[in-house]
Structures are given as structure tokens and as C-alpha cells.
Amino acid sequence: MRVVSGIQPTGNLHLGNYLGAIRNWVRMQDEMGDGEQCLFFLADLHAISMPHDPAELRKGTLEMAAALVACGIDPAKSVLFNQAQVPQHAELQWLLGGTARMGWLNRMTQWKDKAGKNREGQSVALFTYPVLQAADVLLYQATHVPVGEDQKQHLELARDIAQKFNNDFASEEAPVFTLPDPIVPPQAARIMSLRDGLAKMSKSDPSEMSRINLADDADTIMKKVKKAKTDPEALPGEEAGLAGRPEALNLVTIYAALTEGSVETVLKDFGGEGFGKFKPALGEVMVESLRPISERFTALLEDREALDAILARGASQAREIAVPTLEKTYESLGLVRG
């Protein structure tokens, strides 16, 4: 089993990233057996498909690396690196460009969403980045890829590209690429904005009060929780009573996720109580859960040498795994190499 997953390095992680994805990465890492492996990468090559500030990208890459390690990604157990240090990603994307089809990419819903009405004005990279995503996982012969609902289509594309390449340039007995299967992480909490229970918590939201950043200190966390949007009703005794109350459901979901309990369990403890009692309790749980992450994150950011070493070591490991697949791809295409 080899698990591969990436995250764009666009600034600090927030609570939604941690509970929705990163905590499950850590669990997968810790559950790996002998001969099994996790590779986690910072998708800095993907970041240039949209307008970006080079200084911010550089800073965000280091911050994201620090945040992942602070959350529990262990460079001694997993391979952690940024794409730009592994040029085989970009090489394989180009080689797969002969197999991927325009029609496949045109159907990508994220392309339609991000391009909007001005498709002609978008970068080529934005249109072709699903091929880079395919290269990201096929390069390492990934057997499994953690996916949310919004990424299932991209993994299907990776499988289609791999299948067509194998059919066109390899034999059934000796395929070039492994077809990766999706992993839908168990109990991946869907964390919403503290200002709008119908919108996902997001680092692109202009309001800092909408999210809990993993680097927030205790006072900031308590302030944000205190000001989180709610309604005037008390908490119900069972989950059905949260229907039509998205903000209340969100806060209870966060409490349940941090304490590794269930919404029902939280409501057994707080049913009938108002938010005047629940919010301070939630704030305390957040502070205690995030304190070790915040402290480790701050310490890592102050040790640039250690961060650089982690990414360099991970990139070296990644290149070692990637090279045989890339060489086999060149050979299968009939490309002459020195």
C-alpha cells in the first residue's frame, strides 16, 4: 500500500484543514505497516496555475511544511516534500499530455468553476493542472489517494490516463502505471465558517473571525469562539433538533471532532444549555487541542534550517521512488535517452 496526497501551500492551515484532512493523514501514517508508505507533498507547482505572489508562495510553502509537521506528520515515518524539488512531476505531466484528451479536461468541473466566463483569459496551467495531479500520484505508483467529494473527478481522470497509457504503450502483464483507488477518510469532519454555517471554513474568506488558524493563540481562539454566529435557542437534546440550525450544528460538530466523540454525545452533555455556557467550553477544548500544535508550529518556523532539511530529505526520497517510473515511461514512449 502506498498513499499519496498533496495540499496547496497557500498560507497557514486552519481548523477545517486539520479536522477535515490532516488529522486523517496522521492516522493513515501511523497505521502503515511494514513495506507500506505515505507520501505527502506541498503542491507549489499547482499554485502557479493562478496569479500569485512569489514571495508569498515561498513563505506559504515553509509555513505549510511547519504546520504539517506540527500536526503530526512525521518525516521519519512519511515522505514530506514540495513538488518544485522533484522535477519528475513536471516531466511526467508533459509525457502524459500525449495521452490525456482535451474533452476529458473540458469536463472538469473545477476548471469550469475557476475559469468562470473568462476561459480564454486563463492560464494553460489552470486547464492542464488535472494532468499534473495525475502525474503526482502515478509517478509514485500510488495504490490509494485520499479524496474528498471535490477531488473524485480528478482521481477518475488519473485512472483514465493511466489505463489509456497502459493500453497504448504497455502490455497487460507489465503495465507502466498502477491505477490508484480512492480512500474516503472516515469521520472527516466538515467544518464550516464561524460566520456562516452554510459556507466551508476557508483561508480565502476575508474575515479572520470566520476561521480558527492553527497558529492562533489562546486569547484569539476564545475571542473568535465567543463572537461565532449562533441563534437564540438552547441546544437540543438530540441531533435531529439541529435541523435548520447550521451555525449551532457547526459548533457542536467542532466540539465532537476535537473530543473524538459524536454529536449525540455532545448534546447529551449540553442539551438544554445556551451558548453562553457552550461557547466557553468549546473554546477551552480548542485551546487545549491546538496548544501543542501552535507551539510546535512556532518553533519550526523559527528554525528555517530544520525546515529546509526536512523538505530536502523528503524530496531526495521522493526522487528515488519517482525515477524508475519516469524512465519506464520514456522507454515505453520510444523516447531516446542518453
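What follows draws every value from the coordinates through simple rules; no lab data is involved. What you see is a predicted model, and the numbers here were worked out from it, not measured in a lab. Neighbour counts are summed over all protein chains in view; Cβ atoms, including those assigned to glycine, are modelled from backbone coordinates with ideal geometry.
Structure above, values below:
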{"read-out": "Square roots of five times the Cα gyration tensor eigenvalues for the range 272-327, Å", "value": "43, 17, 5"}
{"read-out": "Mean separation of Cα contacts under 8 Å (6+ apart) over length of the range 208-300, as relative contact order %", "value": "38"}
{"read-out": "Charge dipole (debye, nearest 20) of the chain; +1 at Cβ of Lys and Arg, -1 at Cβ of Asp and Glu", "value": "820"}
{"read-out": "For the range 208-300, alpha-carbon Rg relative to the globular expectation (2.2 N^0.38 Å, N residues)", "value": "1.10"}
{"read-out": "Ordering of 97-104, 52-59, 262-269, 81-88 by burial proxy (mean other Cβ atoms within 10 Å per residue, highest first)", "value": "81-88, 262-269, 97-104, 52-59"}
{"read-out": "Beta bridge orientation in the chain: antiparallel %, DSSP, nearest 5", "value": "10"}
{"read-out": "Computed over the range 103-249: relative contact order in percent, which uses C-alpha pairs under 8 Å that are six or more apart", "value": "16"}
{"read-out": "Three principal axis lengths of the chain [C-alpha, angstrom, descending]", "value": "71, 43, 41"}
{"read-out": "Whole-number percent relative contact order across the chain, with pairs defined as alpha carbons under 8 Å at least 6 apart", "value": "23"}
{"read-out": "For the range 144-170 versus the range 222-248, the gap between their alpha-carbon centres in whole angstrom", "value": "40"}
{"read-out": "Ranked list, fewest to most other Cβ atoms within 10 Å of each Cβ, for E173, E31", "value": "E173, E31"}
{"read-out": "Among S289, S171, S49: highest mean-square fluctuation, GNM of the chain, C-alpha pairs under 10 Å", "value": "S171"}
{"read-out": "Pairs beyond 31 Å (Cα-Cα), from K77/K114; K112/K203; K117/K226; K77/K226", "value": "K77/K114; K117/K226; K77/K226"}
